[in-house]
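For reference, the structure is listed below as structure tokens.
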Amino acid sequence: MSGAPNVDSARPDRRRAGPPGPGRPEASKAGPSLGARIAAGAGGGVMRVFLVLVALFWLMPTVGLLLSSLRGPRDIAATGWWKVFTAPSELTFDNYQRLLDNSTITGSLGSTIMITVPSTLLVVVIGSLAGYAFAWMEFPGRDWWFLLVVGLLVVPVQVALIPVSELFGAVGIFETTLGVVLFHTAFGLPFAIFLLRNFFAEIPRELLEAARLDGAGEIRLFTRVVMPLGGPAIASLGIFQFLWVWNDMLVALIFADSDAPPITVALQQQVRQFGNNIDVLAPGAFVSMVIPLAVFFAFQRQFVSGVMAGAVK
């Protein structure tokens, strides 16, 4: 009768196992590598502190402009804006009162709004319609026309200043608000069409075909299906266009009415005429900067959604 199997022979002899060789990994005592520890530290408190410091350094000019706008002209000429931390009694709102009494600056804010709002709305509306047409409508030469639009993206604004000035002068809209609006609209449309066409093209075809089967025409399809889905991209485009037009000085300096200039040109004229009236320039510059910042933060969520659209499937 054969005996029972040798249990000891079936077990691996751990005493025979030698020390771990170069091909054998170390036991579980080995910790994370140096690169892993650096990456973990970078994602923790150290990186957060670094980012906070960078943000504070980036905001320092804005804080300095705000504090300078709240100081009197003598205090501004005598010391730097950081003196308010040791002498807070220097802060005053007299500069903003002078700003409101300056008809040139207050009128320029209205002119800036009259230029920025139509330029933004026209680019958003026309760009949305053209983007939908290039994405989902069939017409002769569609791809070639879209390539032409993409090619217009590389045309710099400076190249068109002289010929467009002659054209506007011939039709009688040079140095008018209408001329500035048309110029900004024309140069904002190529980017708008390119952005929205690519975004609208990502909409599932089945969704549009289901709406067509329900009897939706192109206009209803655009307003009821495409526009709600394209809200983040349209909001991003509107913010980009608004900031570009509001902060523009070159186009406004050439095409705007000299009697009703936008805020950027009005501030430049104040420097040229008086030179040292920082008590008016500082609050004027801060007000002109606060409005686009307020628009950006008001639509921040839509802007982030539009930028991240398509990043995650």
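Numbers below:
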{"read-out": "Nearest-0.05 FRET efficiency for Ser165 and Met114, computed from C-beta distance (R0 22 Å)", "value": "0.60"}
{"read-out": "Solvent-accessible area of Val155 with every protein chain in place, 1.4 Å probe, in Å² to the nearest 10", "value": "60"}
{"read-out": "Two-site FRET efficiency, Leu66 against Ser103, from Cβ-Cβ distance with R₀ of 25 Å, rounded to 0.05", "value": "0.55"}
{"read-out": "The stretch 73-216 shape via C-alpha gyration tensor axes, a/c threshold 1.5", "value": "prolate"}
{"read-out": "Per-residue ³J(HN,Hα) for the stretch 112-117, Karplus 6.51 cos²θ - 1.76 cosθ + 1.60, θ = phi - 60°, Hz, x for Gly and Pro", "value": "5, 5, 5, 8, 6, 5"}
{"read-out": "Net lengthening on full extension, Glu206/Leu148 (0.36 nm per residue, minus Cα-Cα)", "value": "18.0 nm"}
{"read-out": "Calculated FRET value between Ala186 and Val271, using beta carbons and R₀ = 22 Å, to 0.05", "value": "0.15"}
{"read-out": "Sequence-distant residues sharing a close amide H with Arg71 (under 5 Å, placed H)", "value": "Thr92"}
{"read-out": "Highest to lowest packing among 217-223, 244-250, 75-81, scored as the average C-beta count within 10 Å", "value": "244-250, 75-81, 217-223"}
{"read-out": "Compactness relative to 2.2 N^0.38 Å, alpha carbon Rg of the stretch 71-144", "value": "2.18"}
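The values are calculated or read from the model by the stated rules, or taken from the named source; none is laboratory data. Computed from a predicted model, the values in this text were never measured in an experiment. As a convention, Cβ positions derive from the backbone with ideal geometry for all residues, glycine included, and neighbour counts pool all protein chains shown. Areas reflect the complete protein model, heavy atoms only, side chains present, ligands, DNA and RNA absent. Shrake-Rupley method; radii C 1.70, N 1.55, O 1.52, S 1.80 Å.
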